[in-house]
Amino acid sequence: ASRTPGIKIFMGSSTGELLVDDQDCLERIFSETSLPICAHCEDETLMQENRTKVGRIRDVTYHSRIRDNQVAVTATRRAINLALQYDHRFHVLHSGWRCVDTGWREHRLFGVGGGEDAVIFGPSSRR
């Protein structure tokens with residue numbers, strides 16, 4: 001992988017067959033690779049539960065009911081915990097202010113803002 005800059009993970013089903021939400025698969029990616037990892041963090045189980053609650057999607061306003069704040073926070077915490085566990089550089093794609101307000105600060109995030117991305121470094125990979 002000498003010309004590969006990193007690994008991108010889609011933790012939500014909007015990406016079709018690119019979905020990676022299985023815990024064993026995620027652990028293998030974080031534990032068996034050395035490339036930086038970035039992820040769109042949405043908890044698939046919570047999204048499916050929200051889809052069931054919402055029912056038929058009538059218009060774009062239903063998007064935030066399916067992909068609510070808890071969907072993002074749950075998946076992001078899961079990924080951050082794996083990054084810390086395996087001392088792996090990790091980049092959260094498309095985080096927002098609401099996620100910061102739920103306690104991410106304890107994980108050494110950098111560049112967090114409204115609609116910005118956040119970068120986390122494992123303990124020994126900080127530079």
Looking at the stretch 24-74 only, could you name the residues that are more than 16 Å from Lys8 (Cα to Cα), in a helix (DSSP H, G or I), open to solvent by 50 Å² or more (accessible area, probe 1.4 Å) and not aliphatic (A, V, I, L, M)?
Asp24, Thr45, Gln48, Glu49, Arg51, Thr52, Lys53, Thr61, His63, Ser64, Arg65, Gln70
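Restricting the search to the stretch 75-91, which residues are under 12 Å from the mean Cα position of the chain (by Cα) and either in a helix (DSSP H, G or I) or farther than 19 Å from Phe30 by Cβ (or both)?
Within the stretch 75-91, Ala75, Thr76, Arg77, Arg78, Ala79, Ile80, Asn81, Leu82, Ala83 qualify.
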So Thr4 passes all but one of these: (1) exposed (fewer than 13 other Cβ atoms within 10 Å of the Cβ); (2) of a type in the set (Val, Ile, Thr); (3) within 16 Å of Thr76 (Cα to Cα). Which condition number does it fail?
(3)
Hey, any hits in the stretch 93-105 for a residue that's at pLDDT 80 or above, open to solvent by less than 60 Å² (accessible area, probe 1.4 Å) and either polar (S, T, N, Q) or closer than 21 Å to Thr33 by Cα (or both)?
yes
Please work out which residue is surrounded by the most Cβ atoms within 10 Å (Cβ to Cβ), limiting yourself to the stretch 7-23 and to residues that are among the aliphatic types (A, V, I, L, M) and under 13 Å from the mean Cα position of the chain (by Cα).
Met11
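The values are calculated or read from the model by the stated rules, or taken from the named source; none is laboratory data. All of these numbers come straight from a predicted model, not from anything done at the bench. For neighbour counting, all protein chains shown are included, and Cβ atoms are generated from backbone atoms with ideal geometry for every residue, glycine included. Ligands, DNA and RNA are excluded from the accessible area calculation, which covers all protein heavy atoms including side chains. Shrake-Rupley method; radii C 1.70, N 1.55, O 1.52, S 1.80 Å.
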